[in-house]
Amino acid sequence: MAVHELAGQPPHHSMLVNVPLLVTRYFVDRPDISNESHRVAFGTSGHRGSSLNGSFNETHILAIAQAVCDYRRSNGYTGPLFVGRDTHALSEPSFVNVVEVLAANETPIMVQKGFGYTPTPVVSHAILAHNRSNPPGLADGIVITPSHNPPEDGGLNTIRRPAARRIRRSRDGSRIEPTCCSKTETGMCGAFLMQKRWQRVSCTSTITCGRTWMICAMS
């Protein structure tokens, strides 16, 4: 494989993303439902897009988060919902919107202690670990990430109970492992879980400029 001419060099200014514009358009722009590219479109397990082209903004995330709450309610989900996010620029405002909606629906929310960034396998592992303990309410999750997509993109993926697509039993049927993990990666997932600590989020509401905002703190 040929080495790219820019390998090991700082990116050219023309390649950088205008983060203030990206986040501003996330909050300001509204999707045009007559435009198919502006509609929510789930791929493998989530929605991806960019606020720069109207395919990923606050309206999308509020609607998806509410749909998750409605689905949980209609299917009797009472356990915690683990929420993780990555370092893409749109993940931070998306995270705020998701927590806002979940809190308004009185959904038990679990985030990484210190509100840190959380790899997808860690969220999957946390859900599996919780559900293995035969709790009164099983867990599911949301991961805010566009994965390998460009820096200007955002994404929101759901991990639903019983997450049959994401788990497999070992040959003797004694263990459950994430399907995303090879034998080596399974050990890495366990190591990540040992390093990450989850904490419940407590939220109260306040009215600012005519809008209800959720003020959240770790409990």
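The apolar share of the surface of the range 10-148, taken as the fraction of accessible area on carbon and sulfur atoms (1.4 Å probe, ligands and nucleic acids excluded), comes to 58 percent. For the range 2-68, taking the reciprocal of the average inverse distance between every pair of different Cα atoms yields a Kirkwood hydrodynamic radius of 14.0 Å.
Around the amide H of ILE159, modelled in the peptide plane, lie the amide H atoms of GLY141, ILE142, VAL143, all under 5 Å away and 5 or more residues distant in sequence or on another chain. From the residues GLY54, ALA104, HIS88, which one has its Cα farthest along the dipole of the range 1-124 in the positive direction, the dipole being from +1 and -1 charges on Cβ of Lys/Arg and Asp/Glu about the Cα centre? Final value for the positive-end residue is ALA104. If the only charges are +1 at each Lys and Arg Cβ and -1 at each Asp and Glu Cβ, what is the size of the charge dipole of the range 44-122 around the Cα centre, to the nearest 20 debye? So the dipole magnitude of the range 44-122 works out to roughly 180 debye.
The values are calculated or read from the model by the stated rules, or taken from the named source; none is laboratory data. Computed from a prediction, not measured in an experiment: that's the story for all the values here. Positions of Cβ are backbone-derived with ideal geometry, glycine not excepted, and every protein chain shown enters the neighbour counts. Accessible surface is based on the protein model in full, side chains and every heavy atom, while ligands, DNA and RNA are left aside. Shrake-Rupley method; radii C 1.70, N 1.55, O 1.52, S 1.80 Å.
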